[in-house]
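For reference, the structure discussed in these notes is given below.
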């Protein structure tokens, strides 16, 4: 984009079009202010999404802690519920990235549960429902009182908020008009900039205008990337690594060996 | 608006009025800062409104989950309450958009309830009251203890906060003076801009001033559109699609077939 | 103010004082940034105040809902408590606007309560205490268990937070120095502006400087108005209309006829 | 500071140093943006601190309300606990301002408690512990059930959050580097400004540069003052008045006569 | 960096490259806006991290308070749990700074617990689990009812949120692209600035450009430092001092003598 601007500019220079820096200065600062606003909006989505996944880890650890405290001897139960919770976070990841959850569900869930989950159009929510059923069964058997059932139900509810919050972020982009208007104005601004600068800067024009364009375009594209924090590009959330951390945490707490390897950054130092 | 500016400008040019860019630069940046503030204010209303509808989905799913956990065999109850919850969200949509809830209520609610709801001036709140009555009846019958009743009551309370929050956003606009002052200054600014630029830019004036005006006017109008997030224009919340999602979710959870079709974007790729 | 500036400017013009636009451009943008900050601060007070009154409506509706659910047959109780709750919101309005609550209290409260409330220096808080006493009496009589008493106590607590929050906003202005510094600089800036512009703009000076001054002064005065959201000017919260809405809601829920008329905007389209 | 700048400038003027407005314009706007950020940071500390003290009032009123509701006849208890709560807020004030709590503790607390509190290095926290002990004793005596004890414990917990939050604000300043960098750049900027302006403005330089310097310096010093909201300067929180309000509220609620006089502003209209 | 710029500039000056201030003014302001955004993002991480550690202190104090209230005579228990809580905060510090927790764990924890903790890959979480186990044992022995167990479990849950929140901040930096783009543009900007200024300022260029560069570079580096608030540089959180405060508080509350010395600032007045 900038390369083209440089080439074209050589030619326009001789056309004698009068463009001065002053109106572009005004416009550039206005665009910078709007870019700042849009980056805030995108970044706060990123932060909220990260916070939700952090809450997921916390709530899942808390459920396991509560089960271990309240029913310390039912080791089988700890393992079964930790399996459900691990499946839930992988399933949420696949739902948000619109990838196929099949392999991970197959790897983690017992067979009779697997069918029930895979046939549901809302897999993550279905797993949460199953965890609730298990807790209700414990209450039915008198292993949990209404009050201790309530304590765990609050954690399940926290997870429900995480699932709902992530779906909300994934389904509701920043109003498209923001993206559209900013992109149009930024690109047009960068295209016209060389013609405004050429009068003052002569041979330095390409260099300076590429520099300015780089600043504006990179901020614009970064805002766009962060807007959907559940993608797989370098600046998105490393959902695989987070799910791996959750899996390691829950397995460690319930004494399951071996723990999966920690997720390693790829050769570009990015986690996915 | 801009077209008129261009035409008029050709004529003023020969009038010899002295307007320079400098004061407009100052004014333009000041307006950009104020536009940034107003967009923040409008956008945060949009985000809050979206968050409230997200919470509605979460709370309604949680109520169904709790009922299924606590009273797993009372399938009729699950369906009846899910019907109320679905009616509640459609009713809230109609209330916020000031449209007639009649058809949707007729479609969803059983007959004896329908009259009671349609005659109330606060339909959504009335439906919530009915849900509470059902829970109280279950408590009266001993099917829910005080504690498990309290767990569900907390969810009903969350829904009450959503209803109240949406009403608040719908009834309290951003103070009108913000809209008024900004609109006046933005329009006047755009009208005067060509006369300030013409001295420097000559034949390029129309082009540059249209560009600058476009940036400012589109940000102003976008802020105004987002300010009322419950409207039906392209950048407002797709309440129909959200209600449809809630209906699909609750029906799936209570095993009702067939699920309604997912809401599809119209031919301009907009959801309503 | 601006009119004076125009008149004086005609005279200074011939005095040969050198003022250029550049330092005023710097100063104007700095002031715009500070005005943006102050408007954020004032507007967030407005939003918080509105949110508190929204919560008041929600919490009062929830208390009535809970009473109707838990004690469905005690219609007298519903009406009595709804009366207290309605009185509470009118009393809070009078407390915040420092007007006399006498008439409204007389209109709503039963006689034996009226004396107790009117003699208290903290009327709103006193009414809340009375509501709590009623709930405690129900608990004493065994009509509410500790747990259901706790559910309602949480709502009373929400109202306590609303009252305390409103008092806090009313008693703690934005630090006065912000108002003072901004007002001084804005007025001085607007006074000096014509002298800076006159060199460039000649006969257009009054027009442009009035325009710029208008933008700055109106933002400054709007920030000041929103700072105290409980006043009675056009951009303040329409507390009368909100109290009226609460009264209509609670009466409708408890089946009291006739509902008061909805509050209508005055002939300037303002609610009070 | 500005006076010195004016004097020196007369002398430099004849030195022929070339400083133009343009780079100072850039720098001034950058500094204004950073000042805006720092004012936001300081102001949000002020707002948070005010909110915490507001919560303190609300929570203490709620504890008294709950005690009056749950144990309506134990008037001695109401007075004793209200004494502790009043002592707690004065003690917190003294802790935050690092003044001696002795006189106020002596005035409010009974003798046997006084020693225990005055010998503790964490007086406020100690008083909270004593309130908790009283509640636990009531529970032990069967006057409070576990559930009603829990309701009051939640309020005690709110107070614990207020104490911890205030200590956090008092002990953690805005990172000192912000203060340092801004102060250095603002002062240097104001010192150099006259030399940049003198070329354009001649005899008007002192006036304009004092004006600009005033704007920047006052914003900088205001940010510094608000940063520590618990001090005693004019723009800090009026902790004495707030404590006085709390004392009046709690005494009125428990029927203690006479109420202390409301705190009056001093002759500069400031509360302390 | 700036020193180099000064030296090089002397040489370029004679090269006749035309760079004017205007485009740099536009670019500088845009960069200042983006720096303001990035500082907000970094600073809000700092504030959140500080808030989490403040909550840790509050929650740990509350657990001790609740134990003292509910089981006033079990002094051994108070000391044991306070030991666990102190160990937990030191362990969290070591986890966040990636230092070896061995010495502090050895100093605080009893031997049989020490092994269990040191062998776990998630030490802090493991200690929390142990505290939960102790509470569960008290419930098993009938010393805590379900309800009072629930009150303490809520505090344990608060600590779980603190641990999870700190891990989230430590593991998720601000998207690296922000750092990268800003650093590139700021450094390039500062390098080019002298060449743009030299035409206007001649011999004053080095001075002014060093000043401007200092402002921009220091803001950029400060944002980077605050981004990871758990480091050990001067502007990071003084975790050692906070842990020391927590230790002193809990020991004072449980009557353990002697209290550790308060942490003193080092000779540069910094806490670590």
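Below are the figures for this structure:
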quantity: Failed item in (1) at pLDDT below 95; (2) at the interface with chain E (Cβ under 7 Å from one of its Cβ atoms); (3) surrounded by 21 or more Cβ atoms within 10 Å (Cβ to Cβ), with residue A:40 passing the rest; calculated: (3)
quantity: Some residue of the stretch C:189-202 being over 18 Å from the mean Cα position of the chain (by Cα), within 30 Å of residue C:60 (Cβ to Cβ), buried (at least 19 other Cβ atoms within 10 Å of the Cβ) and more than 9 Å from every other protein chain (Cβ to nearest Cβ); calculated: no
quantity: Selection status of residue C:80, surrounded by 22 or more Cβ atoms within 10 Å (Cβ to Cβ) and closer than 17 Å to residue C:249 by Cβ; calculated: no
quantity: Residues of the stretch B:220-238 that turn out to be under 15 Å from residue B:45 (Cβ atoms) and outside any loop (DSSP other than H, G, I, E, B), as a count; calculated: 6
quantity: Residues within the stretch B:206-222 that are crowded, with 23+ Cβ neighbours inside 10 Å and within 30 Å of residue B:163 (Cβ to Cβ), tallied; calculated: 0
quantity: Among the candidates E:128, E:70, E:85, E:92, residue that is under 20 Å from residue D:145 (Cα atoms) and surrounded by 21 or more Cβ atoms within 10 Å (Cβ to Cβ); calculated: E:70
quantity: Condition check for residue D:62: surrounded by fewer than 23 Cβ atoms within 10 Å (Cβ to Cβ) and part of a helix (DSSP H, G or I); calculated: no
quantity: Residue ID - farthest from residue E:126 (Cα to Cα), chosen from residues in the stretch A:239-258 that are touching a residue at least 12 places away in the same chain (Cβ under 8 Å) and outside any helix (DSSP H, G or I); calculated: A:256
quantity: Enumeration of residues in the stretch E:111-128 that are facing chain A (nearest Cβ under 9 Å) and more than 13 Å from residue E:152 (Cα to Cα); calculated: E:120, E:121, E:122, E:125, E:126
quantity: Residue identified as modelled with pLDDT of 85 or more and surrounded by fewer than 18 Cβ atoms within 10 Å (Cβ to Cβ) among C:261, C:167, C:227; calculated: C:261
quantity: Any pair with Cβ under 6 angstrom, 6 or more apart, that starts in the stretch A:205-226 at a residue that is under 16 Å from residue E:22 (Cα atoms) and ends at one that is assigned to a helix (DSSP H, G or I) and at pLDDT 85 or above; calculated: A:212/E:27
quantity: Which listed residue, of B:93, B:123, is within 28 Å of the chain's Cα centre (by Cα), within 16 Å of residue B:167 (Cβ to Cβ) and without any contact (Cβ under 8 Å) to a residue 40 or more places away in the chain; calculated: B:123
quantity: Residue in the stretch E:68-79 that is nearest to residue D:155 (Cα to Cα), counting only those that are touching a helix residue (DSSP H, G or I) at 6+ places or on another chain (Cβ under 7 Å) and more than 8 Å from chain D (Cβ to nearest Cβ); calculated: E:71
quantity: All positions within the stretch B:126-160 that are within 16 Å of residue B:82 (Cα to Cα) and without any contact (Cβ under 8 Å) to a residue 24 or more places away in the chain; calculated: B:126, B:129, B:133, B:135, B:153
quantity: Selection count, the stretch E:145-181, where residues are closer than 23 Å to residue E:56 by Cα and more than 7 Å from chain A (Cβ to nearest Cβ); calculated: 17
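Residue-wise test of (1) more than 9 Å from chain D (Cβ to nearest Cβ); (2) farther than 21 Å from residue D:161 by Cα.
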residue	(1), (2)
E:22	no, yes
E:35	no, yes
E:47	no, no
E:60	yes, no
E:66	no, no
E:81	yes, no
E:88	yes, no
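The values are calculated or read from the model by the stated rules, or taken from the named source; none is laboratory data. Given the structure is predicted, the values throughout are model-derived calculations rather than measurements. For neighbour counting, all protein chains shown are included, and Cβ atoms are generated from backbone atoms with ideal geometry for every residue, glycine included.
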